[in-house]
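Asks: Quick one: structure below, then a few questions.
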Amino acid sequence: MVRLVPTFAFLALASAIPAAAQDCTLCFAAPTPQAEQSGERPLTIEIATGLAFSRLAVAGQDGGSAAIDPQTGAKTTGQGLVDLGGSAVQGRGRISGTPGRAVRIDLPRSITMSSTDGSTAILTELTTDLPAWPVLDSSGSLEFSFGGRLEVRGSGGGNFRGRIPISVDYN
């Protein structure tokens, strides 16, 4: 049995945060003097829940794939992986900033995940449940979920971990 349970640490970058505050992951920053005068709030992101595929087993020598839907959290497996049960979890995050402002969220195309024994897997097709043009609500927040596809090559396995750099900026 091979257990594939990716967990993530997240790096969030927001252009509305002063450069000195960008060294701190998921920190809130004091508004710049320009932002205070315009009434603009700093843009921040918080990740409440990481993406977790639960328990999977590699059925052959060629690997396989599994996906988590960002809207429902449902896990599906492709040829080569077997679902061993457990609860899969889509990632969840919250963006805060100036009410009514449009935001852009950039997710990477792929992330290489690794386990302690050196095995690797690739996380691809990262998607969110956000509309094409997301806008912060009247309180200045926006909650979203995200999912992706885990691709395991070969028969290697393990408890895969990686970082997903999520970038958020005002449009």
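The values are calculated or read from the model by the stated rules, or taken from the named source; none is laboratory data. This one's a predicted model, so the numbers in the text were calculated from it and none came from an experiment. All Cβ positions, glycine included, derive from the backbone under ideal geometry; neighbour counts span all protein chains shown. Accessible surface is based on the protein model in full, side chains and every heavy atom, while ligands, DNA and RNA are left aside. Shrake-Rupley method; radii C 1.70, N 1.55, O 1.52, S 1.80 Å.
Asks: If we scan the range 31-47, do we find a residue that is more than 18 Å from TYR170 (Cβ to Cβ), surrounded by fewer than 18 Cβ atoms within 10 Å (Cβ to Cβ), at pLDDT 90 or above and not hydroxyl-bearing (Ser, Thr, Tyr)? Even if it seems obvious, please write down each step before you answer.
Replies: First pass over the range 31-47, keeping only residues more than 18 Å from TYR170 (Cβ to Cβ): 47.
The next check asks that each one be surrounded by fewer than 18 Cβ atoms within 10 Å (Cβ to Cβ); those that pass are none.
No, that holds for no residue.
Asks: Do we have any residue at all in the range 160-167 that's aromatic (Phe, Trp, Tyr) and open to solvent by 50 Å² or more (accessible area, probe 1.4 Å)? Give the derivation first.
Replies: Going through the range 160-167, the residues aromatic (Phe, Trp, Tyr) turn out to be 160.
Keeping just the survivors that are open to solvent by 50 Å² or more (accessible area, probe 1.4 Å) gives none.
Checked against the condition, which is being aromatic (Phe, Trp, Tyr) and open to solvent by 50 Å² or more (accessible area, probe 1.4 Å), the range 160-167 yields no hits at all.
Asks: Something else now. I need the strands (runs of 3 or more DSSP E) fully contained in the range 57-171, keeping only those with at least 2 residues that are over 30 Å from THR44 (Cα atoms) and without any contact (Cβ under 8 Å) to a residue 60 or more places away in the chain. Working first, answer last.
Replies: On the way: elements: 64-68, 75-77, 81-83, 91-96, 103-106, 110-114, 120-128, 141-152, 161-170.
In the range 57-171, the matching strands (runs of 3 or more DSSP E) lie at 75-77, 81-83.
Asks: Just need a number here: residues in the range 74-95 that are closer than 30 Å to GLY140 by Cα and surrounded by fewer than 18 Cβ atoms within 10 Å (Cβ to Cβ). Before you say what the answer is, go through the steps one by one.
Replies: The first filter runs over the range 74-95 and keeps only residues closer than 30 Å to GLY140 by Cα, leaving 74, 88-95.
Checking which are surrounded by fewer than 18 Cβ atoms within 10 Å (Cβ to Cβ) leaves us with 74, 94.
Total satisfying the criteria: 2.
Asks: Kindly list the number of the only condition in (1) at pLDDT 85 or above; (2) at negative phi; (3) among the polar types (S, T, N, Q) that fails for THR7.
Replies: (1)
Asks: Any residue at all in the range 113-120 that is open to solvent by 60 Å² or more (accessible area, probe 1.4 Å), farther than 14 Å from PRO70 by Cα and among the aliphatic types (A, V, I, L, M)?
Replies: No, every residue in the range 113-120 fails to be open to solvent by 60 Å² or more (accessible area, probe 1.4 Å), farther than 14 Å from PRO70 by Cα and among the aliphatic types (A, V, I, L, M).
Asks: Name, by its number, the condition in (1) at pLDDT 90 or above; (2) farther than 22 Å from ASP69 by Cβ; (3) over 14 Å from the mean Cα position of the chain (by Cα) that does not hold for SER167.
Replies: Just one mismatch for SER167, condition (3).
Asks: Separate question: Only residues that are surrounded by fewer than 17 Cβ atoms within 10 Å (Cβ to Cβ), within 16 Å of ASP106 (Cβ to Cβ) and hydroxyl-bearing (Ser, Thr, Tyr): list them for the range 128-159, please.
Replies: The answer is none; no residue qualifies.
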